[in-house]
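Structure first, commentary second.
Nothing in this text is a laboratory measurement; each read-out follows from the coordinates by a stated rule. These numbers come from a predicted model, not from an experiment. Positions of Cβ are generated from backbone atoms using ideal geometry, with glycine treated the same way; all protein chains shown enter the neighbour counts.
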């Protein structure tokens, strides 16, 4: 009986994190399209130190999300269960982390980085586990999510290198 209740709680958490994350993503994209003046936040985001600190926090967030992959490769089942909950909850907040660093999607390779970042977020929110783990698209979904995550790390490292080289 206990396993059934835990599965039910996990399914409820997945639905809630997907709903909240979807709303946060929609809000970010809407504000990006409208491009309001965020006053003090815009001034902070223009400051090199602020960008360095928030970019580092964004990098730490991305590294934290990779803990799930690490726990799976290390065969740590108990750790995987704990980390998966946090992976979902923190993943739903993806647009907030980005918004604190930048309110725009940028242009050029920064736009590509932003699109990969938010496509991976949308893909995470559309987890086929919302239906059931034996979903026919589950395998393709995992491959796509990991591929976008790897591309995000590569593009993020390029961004870090470029940002530090030209400041």
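Put in order of Cβ neighbour count within 10 Å, fewest first, the listed residues 145, 87, 135 become 135, 145, 87. Helix content alone sets the calculated 222 nm mean residue ellipticity of the chain: runs of n ≥ 4 DSSP H residues at -39500 (n - 2.57) each, divided across all residues, give -26500 deg cm²/dmol. How many times 2.2 N^0.38 Å is the alpha carbon radius of gyration of region 11-106? Dividing the Cα radius of gyration by 2.2 N^0.38 Å gives 1.26.
Most tightly packed first, judged by the mean number of other beta-carbon atoms within 10 Å of their residues, the peptides 105-118, 29-42 read 105-118, 29-42. Arranged from fewest to most other beta-carbon atoms within 10 Å of their beta carbon, 15, 72 become 15, 72. Against the chain, whose longest principal axis comes from its Cα atoms, helix 138-165 is set at around 20 degrees.
Neighbour counts of C-beta atoms inside 10 Å place 96, 142, 90 in the sequence 142, 96, 90, starting with the fewest. Considering only alpha-carbon pairs that sit under 8 angstrom and 6 or more positions apart, the relative contact order computed for the chain is 29 percent. Taking Cα atoms only, the orientation of helix 2-34 departs from the longest principal axis of the chain by about 20 degrees. Rounded to the nearest 10 degrees, the angle from helix 77-92 to the longest Cα principal axis of the chain is 40 degrees. The spread of Cα positions in region 2-165, taken along each principal axis and listed from longest to shortest, comes to 51, 32, 25 Å.
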